[in-house]
Amino acid sequence: MTLQAADIVECNRIAVREAVRVVDLAGDDDWERDSPCAGWTLRRLVAHMAAQHHGFAAAARGAGHEAAHWQEPRDLGEPARVHRAAAADVLDAFAEPGALEREFVLPELGGAFLGRRAVGFHLVDYVVHSWDVAATLGVEVLLPDEVLLAALAVARRVPADPALRGPGAAFAPVVPTPEEAEGAGALQETLRLLGRRPELWPVRG
């Protein structure tokens, strides 16, 4: 699937807004729930998401090399509010004129990338993190096919070498697709390519 630059920005915007929607569903009793990200509660996951939004926004503005922009927020007493503000920051940054023609420095991925490619990384991250939050809460993630297919195209290009996956790496090891889950769709394939086990996190009621 080949997307124009404007399309990848729009797909990313949709994914980020879905992440905001599902985070906003969390109640006071939900923040200490375990999430699909091993060892992370929902609160810690949302802190990570906010940090990534601000980091990518800084990268779009030429400051991705500054570690301070990638730090998780210290005050997470209101996680949804903090995440909402961070999401607005990254969407504004990606929409700025010339953003996609710049190089984004992304320390976690080990270098600088043309803006269009970097937005693709952010897109797949927020399709998956939208699902992470929804799975934690037992609700369905709602994303259109064009967004899911765009994210899958990026996920398929992520190196599967086990030496580049796991603790300390940007992505968990690939999870093989069980026979009964074959053909389940773009979201399921993306989740498994990036180390998730969707069968362990059913939608509740």
Residue set Ala184, Ala160; condition in contact with a Ser or Thr (Cβ under 9 Å, 6 or more places away or on another chain), surrounded by fewer than 16 Cβ atoms within 10 Å (Cβ to Cβ) and either assigned to a loop (DSSP other than H, G, I, E, B) or at pLDDT below 95 (or both); output residue Ala184
Picking from Pro173, Pro144, the residue that is modelled with pLDDT under 85 and either open to solvent by 20 Å² or more (accessible area, probe 1.4 Å) or of a type in the set (Lys, Arg) (or both) would be Pro173
Given (1) open to solvent by 60 Å² or more (accessible area, probe 1.4 Å); (2) modelled with pLDDT of 95 or more, Asp75 misses just (2)
Arg117 vs (1) open to solvent by 70 Å² or more (accessible area, probe 1.4 Å); (2) at pLDDT 95 or above; (3) farther than 21 Å from Leu45 by Cβ: all pass except (2)
Selection over segment 33-79 where residues are aliphatic (A, V, I, L, M) and over 25 Å from Val105 (Cα atoms) yields a count of 3
Checked segment 39-84 for anything within 15 Å of the chain's Cα centre (by Cα) and aliphatic (A, V, I, L, M); matches are Leu42, Leu45, Val46, Ala47, Met49, Ala50, Ala51, Ala57
- Has segment 84-104 got at least one residue that is buried (at least 20 other Cβ atoms within 10 Å of the Cβ), out of contact with any strand residue (DSSP E or B) (no Cβ under 7 Å at 6 or more places or on another chain), at pLDDT 95 or above and under 18 Å from Arg44 (Cα atoms)? yes
Filtering segment 85-114 down to residues that are within 14 Å of Ala58 (Cα to Cα), among the acidic types (Asp, Glu) and more than 18 Å from the chain's Cα centre (by Cα) yields Glu96, Glu103
Restricted to segment 120-132 and to residues being over 8 Å from the mean Cα position of the chain (by Cα) and open to solvent by less than 10 Å² (accessible area, probe 1.4 Å), the residue modelled with the highest pLDDT is Asp132
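Could you list, in sequence order, all residues of segment 21-33 that are touching a residue at least 24 places away in the same chain (Cβ under 8 Å) and either open to solvent by 10 Å² or more (accessible area, probe 1.4 Å) or within 15 Å of Leu76 (Cα to Cα) (or both)?
Passing the criteria: Arg21, Val23, Asp24, Leu25, Ala26, Asp30, Trp31, Arg33.
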Note on segment 34-60: residues buried (at least 16 other Cβ atoms within 10 Å of the Cβ) and assigned to a loop (DSSP other than H, G, I, E, B) are Ser35, Pro36, Cys37, Trp40
From the option list Ala60, Ala47, Ala67, Ala38, single residue qualifying as touching a strand residue (DSSP E or B) at 6+ places or on another chain (Cβ under 7 Å) and in contact (Cβ under 8 Å) with a residue 24 or more places away in the chain is Ala60
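The values are calculated or read from the model by the stated rules, or taken from the named source; none is laboratory data. Quantities reported herein were computed from a predicted structural model and do not represent experimental measurements. Ideal geometry is used to build each Cβ from the backbone, glycine not excepted, and the neighbour counts take in all protein chains shown. Keep in mind that these areas ignore ligands, DNA and RNA; they rest on the heavy atoms of the full protein, side chains included. Shrake-Rupley method; radii C 1.70, N 1.55, O 1.52, S 1.80 Å.
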